Amino acid sequence: MQRYEPGDIVRMKKRHPCGSDLWRILRTGTDFGLKCEGCGRFVQIGREKFLRLVREVKEKPDT
């Protein structure tokens, strides 16, 4: 199972209305807090929906 951490940039199946499909994970847990990399909008979605909509991890933060 893929492990998602705050700071990861993920590509989602659906695009945001601004046109970007890249999101930065800010929070994990029961709900995921995501920030659009295109316009900076913050959204919060449930874990099940997130796992269904995520395509790939595009970038991991340097540690």
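The values are calculated or read from the model by the stated rules, or taken from the named source; none is laboratory data. Quick caveat, the model's predicted, so the values are computed rather than measured. Cβ coordinates were reconstructed from backbone atoms using ideal geometry, including for glycine residues, and neighbour counts include every protein chain displayed.
Quick one: count up the residues across segment 37-63 that are closer than 14 Å to D8 by Cβ and either touching a helix residue (DSSP H, G or I) at 6+ places or on another chain (Cβ under 7 Å) or not aliphatic (A, V, I, L, M) (or both). Qualifying residue count, segment 37-63: 10. Residue pairs whose Cβ atoms lie under 7 Å apart, separated by 6 or more positions or on different chains, with the first residue in segment 47-63 and among the aliphatic types (A, V, I, L, M) and the second surrounded by 10 or more Cβ atoms within 10 Å (Cβ to Cβ), are L53/M12; V54/V10; V54/M12; V57/D8; V57/V10. Checking each residue in segment 1-35 for being under 10 Å from the mean Cα position of the chain (by Cα) and of a type in the set (K, R) picks out R11, R24, R27, K35. Selection of first residues in segment 1-18 that are surrounded by 12 or more Cβ atoms within 10 Å (Cβ to Cβ) and of second residues that are hydroxyl-bearing (S, T, Y), restricted to Cβ pairs under 7 Å at least 6 apart or on distinct chains, gives the following pairs, ordered by first then second residue: Y4/T28; P6/T28.
Within segment 21-39, the set of residues being small (G, A, S), more than 22 Å from D62 (Cβ to Cβ) and at pLDDT 95 or above comprises just one member, G38. Applying the criterion of being in contact with a Lys or Arg (Cβ under 8 Å, 6 or more places away or on another chain) and either of a type in the set (A, V, I, L, M) or at pLDDT below 95 (or both) to the residues of segment 8-20, the residue that is farthest from R55 (Cα to Cα) is H16.
Every condition in (1) surrounded by fewer than 12 Cβ atoms within 10 Å (Cβ to Cβ); (2) in contact with a Gly (Cβ under 9 Å, 6 or more places away or on another chain); (3) at pLDDT 95 or above is met by R47 except one, and the failing one is (1).
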